[in-house]
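A.B. asks: Let me give you the structure first, and then I'll get to my questions.
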Amino acid sequence: MKEIKIKETENNNKNKLTKETKHKLMITAASIAILAGLYGTGTTASSNYRNNREGMVQMLSEKFNLNQSEVKEVIKEYKKENQFQRQAEMKIRLEAKLLKAVEEGKINNRQKELILTKRKEMENKINQDLENWSQNREERREQMESYREEIREWAKKNEIDLNLVGIKKRQVN
C-alpha cells in the first residue's frame, strides 16, 4: 500500500514538474516574442537572424535553467500559432474587402470566388515551397517575384484589379 502511495506521489511530482516546466517555457516564449520584436526589427540578414535567435535560445535556456531543444520547440510552436492567427485575420480582411467590392460593383461574385480560390491555391503552393526555401536572400526575392508575376498574369486574364488581390500595381520591366 505504501509503495502505491509513493508511486502516486512520484507521478504527481512529475506532473508538477511538467506543469512548472511548461509554465517556464510559456514565460520564456513570451519573453522571446517581446525580445525578438524589439531586437529583431534591426536585423536584416537571414544568417544574422539565425545566429541571434540561436544566441537568444541559449541565453534563455541558461537563464531559466531549461533544455535548449524545449525552448526551440516552444519558439517554433509560438511562431506557428502566430502565423495561423495572422493568416486567419488576413483572410477575414480580404473577404470583407471583396464583399465591399462586390457591393460597389467593382467585381462580381464569380470574380470574388476566383480571387479567394487563387489566394488559397497560392498559399498552398508557397507553403509547399517553403520546405525547400533557399537561405539566399536574393533567390527568395526572385521566388516571391515569380509568385507575384503569376498572380499578375492571372488577374489580367480574369479582368481583376491587382489591388483586390493584394498586389500593388507597379511597372514591370
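A.B. asks: Do the conditions hold for Gly166, that is, is it among the small types (Gly, Ala, Ser) and touching a residue at least 12 places away in the same chain (Cβ under 8 Å)? Don't jump to the end; show me each part of the working.
C.D. replies: Details: among the small types (Gly, Ala, Ser): yes; touching a residue at least 12 places away in the same chain (Cβ under 8 Å): yes.
When the stated conditions are applied, Gly166 passes them.
A.B. asks: Assuming Val71 fulfils every condition listed in (1) in the same structural domain as Arg53 (by TED's automatic domain parsing); (2) within 16 Å of the chain's Cα centre (by Cα); (3) surrounded by 14 or more Cβ atoms within 10 Å (Cβ to Cβ) apart from one, which condition is it?
C.D. replies: Looking at each condition in turn, Val71 falls short on (2).
A.B. asks: What helices (runs of 4 or more DSSP H) lie completely within region 67-173 and have 2 or more residues being closer than 29 Å to Val57 by Cβ?
C.D. replies: Numbers: elements: 68-103, 109-130, 137-157, 162-165.
It comes to 68-103, 109-130, 137-157.
The values are calculated or read from the model by the stated rules, or taken from the named source; none is laboratory data. Computed from a predicted model, the values in this text were never measured in an experiment. Here the Cβ is made from the backbone with ideal geometry for all residues, glycine too, and neighbour counts use every protein chain on show.
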